[in-house]
Amino acid sequence: MDNLLLIVVSSIIALILGLTLGYILRKVIAKSRQDSIEAKTQALVETAKAKQKEILLETKTQALEIKENAEKEQREGRAKLLDFQGKLAQREGILNQKLDSISQKEEQLEKGNRTIQRKTQELGEIRKKQMATLEKVASLSREKAKEVLLEMVEKDQQERVLGIVKKAENRAKDEANTKAKNIISQAIERYARPQASESTATTVALPSDEMKGRIIGREGRNIKRIEELCGIEIVVDDTPEAIVISGFNPIRRHVAKRTLERLIQDGRIHPAKIEETVTTVKKEIAHEIKEAGEQAAYELGIADLDSKLVQVLGRLRFRSSYGQNVLRHSIEVANFAKIIAEELGADVNIAKKAGLLHDIGKAVDHEIEGTHIEIGRNILKKFGVSEEIIHAVECHHEDVEPHTVEAVIVKAADGISGARPGARKDTYENYIKRLTDLENIALSFEGADKAYAIQAGREVRVFVTPEQVDDLEAKKLAQGIADKIEKELRYPGEIKVNVIRETRAVDFAR
């Protein structure tokens with residue numbers, strides 16, 4: 001019994017100790033977990049603080065960079081403003097000099113008028129004295145003496161007046177020519193861009209004559225498909241390793257040319273591949289046309305043109321006139337017009353835009369009936385271009401009489417661009433015909449003995465018969481020939497008419 005009681009007590013004590021130890025152990029484990037959680041939380045907090053500091057540092061760095069960029073842009077803007085102010089001051093100085101020169105000329109003119117008035121008064125007094133003398137000596141009436149006196153004065157002063165008028169006329173022409181040459185030379189010098197003639201390429205080189213058969217295809221299905229999709233005609237003749245693309249539309253010719261080159265390079269030539277290639281090439285060229293128009297407007301600093309008008313302008317990249325690329329020619333004319341307008345104080349914006357758009361009609365003149373002047377005028381009216389620009393555009397070939405300075409400037413800029421050496425090329429037949437017509441026009445005038453077109457048609461020398469044409473008639477003859485050339489011939493630049501009258505006196509000593 002005692003042993004049983006002892007066992008029961010021992011079991012109770014063991015149970016109590018086990019419960020106590022289990023409770024203490026759970027406390028220790030719970031505390032350990034709590035310490036671990038607090039440590040992790042502390043680590044997360046420290047990581048977040050470090051990340052926050054890193055973000056703040058990065059934000060401060062970006063803010064400093066933004067501030068430095070803003071200060072840099074501000075400095076650049078200030079430098080541009082100072083440069084613009086300097087140019088403005090320089091132009092103002094030039095304008096003041098011109099105004100001073102005009103004031104001096106006005107003073108000289110006023111002084112000359114006063115001199116003329118004084119001379120006129122002196123002449124009146126002399127005439128009165130002569131009339132009184134004539135009445136006394138010849139017993140002439142006042143009216144008769146007046147007639148005699150006027151005849152004397154007229155004979156005495158006629159040659160002198162003619163000489164003065166001729167000198168003034170020559171001096172005015174020399175000054176005008178000098179000033180015009182200075183302005184044009186400055187424009188050409190400031191826009192010194194190399195010029196090369198271009199022509200539309202219509203010949204496609206082949207790696208071998210065997211490729212001709214592949215391009216033609218079975219029963220001609222390949223070549224017919226290309227012609228149908230591109231709207232051109234492909235000529236396959238005996239020319240070795242080459243075929244010719246024939247078509248009036250330059251863009252279609254270019255599409256066909258690029259398509260053939262792609263097919264030849266790829267090697268797979270069949271109707272399905274042809275359709276795929278033509279579609280791809282058309283998209284590429286449409287994109288190139290748009291980019292060409294945008295690049296031209298951007299190059300000239302013109303930002304207010306309609307997007308569709310810019311796309312029409314880009315079509316000029318694939319158009320040539322006398323071997324000169326029309327888009328490059330239009331950009332060149334715009335730059336020349338801009339420089340000349342700046343020198344003359346005209347509206348630079350109107351001159352520049354009209355120069356760029358003056359040949360816009362050539363972009364679609366192969367699709368629409370009418371001259372490129374009429375087509376261009378209709379296109380510009382459709383897109384709401386101002387009347388000043390339209391007037392300058394339609395005057396550049398003298399179809400309309402110019403009424404503004406900007407119209408005259410665009411016409412002159414077009415002539416400069418077309419007359420530059422190497423800018424344009426002409427066929428041999430047209431060149432010979434133009435020179436022949438030039439000589440025939442000169443010989444059609446009475447008194448003209450011989451005529452020679454020289455300097456590639458830039459000058460015509462006319463030798464006259466001295467017995468039929470005197471010095472005054474020679475001057476009138478030169479003017480008449482020049483007027484007839486302007487009415488009947490089309491030519492770039494200007495043509496100098498040089499009338500030569502040679503008089504020889506021959507005698508013999510015996």
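No lab work stands behind these numbers, since they all come straight from the coordinates. Since the model is a prediction, treat every value here as computed from it, not as a measurement. Cβ sites come from the backbone with ideal geometry, for glycine too, and all protein chains shown count toward neighbours.
Give the peptides 437-446, 470-479, 80-89 in descending order of average Cβ contacts within 10 Å, highest first.
Per-residue mean Cβ counts within 10 Å order the peptides as 437-446, 470-479, 80-89.
When the dipole is taken about the Cα centre of region 200-344, and only Lys, Arg (+1) and Asp, Glu (-1) are charged at their Cβ, what size is it in debye, to the nearest 20?
Taking the Cα centre of region 200-344 as origin, the dipole is about 480 debye.
Using amide H atoms built in the peptide plane, which far-off residues or other-chain residues are under 5 Å from ASN325 H to H?
Here GLU198 satisfy the definition.
Mind checking which aspartates and glutamates have their C-alpha under 15 Å from LYS290, skipping anything on the same chain fewer than 8 residues away?
Within reach: GLU299, ASP306.
Multiply the residue gap between ILE66 and LEU95 by 0.36 nm, knock off their C-alpha separation, and tell me the result in nm, one decimal place.
Roughly 6.2 nm would be gained on extension.
Say R0 is 41 Å: what FRET efficiency, to the nearest 0.05, do LEU81 and ILE55 get from their beta-carbon distance?
So, using R0 = 41 Å, E works out to roughly 0.60.
Could you list, in their original order, any pairs among LYS411/LYS484; LYS72/LYS338; LYS119/LYS476 whose Cα atoms are separated by more than 24 Å?
Beyond 24 Å between Cα atoms: LYS72/LYS338; LYS119/LYS476.
Explain nothing, just compute: Karplus ³J(HN,Hα) = 6.51 cos²θ - 1.76 cosθ + 1.60, θ = phi - 60°, for every residue of region 99-105 in order, whole Hz, x for Gly and Pro.
Karplus-based 3J(HN,Hα) across region 99-105 equals 5, 4, 5, 5, 4, 4, 5 Hz.
Taking a ≥ b ≥ c as the square roots of the Cα gyration tensor eigenvalues, with a/c under 1.5 meaning rounded and otherwise prolate when a/b beats b/c, else oblate, which class fits region 236-291?
oblate
Which FRET efficiency, nearest 0.05, do GLU284 and VAL235 yield, Cβ-Cβ r, R0 22 Å?
Result of the calculation: an efficiency of 0.35.
In terms of Cα to Cα distance under 19 Å, which aspartates and glutamates are near enough to LYS60, apart from those fewer than 8 places away along the same chain?
By straight Cα distance, LYS60 reaches GLU68, GLU71.
Rounded, prolate or oblate, given the Cα gyration tensor of region 428-500, with a/c below 1.5 counting as rounded?
It is prolate, given that a/c is not under 1.5 and a/b is the larger ratio.
Of the peptides 120-130, 14-24, 399-409, how do they stack up when ordered by the mean number of other Cβ atoms within 10 Å, highest first?
Ranking, from highest mean packing down: 399-409, 120-130, 14-24.
Taking a 21 Å limit on the Cα-Cα distance, which of the listed pairs LYS283/LYS353; LYS433/LYS487; LYS362/LYS496; LYS67/LYS87; LYS282/LYS381; LYS212/LYS273 fall beyond it?
Check vs 21 Å cut-off fails for LYS283/LYS353; LYS362/LYS496; LYS67/LYS87; LYS282/LYS381.
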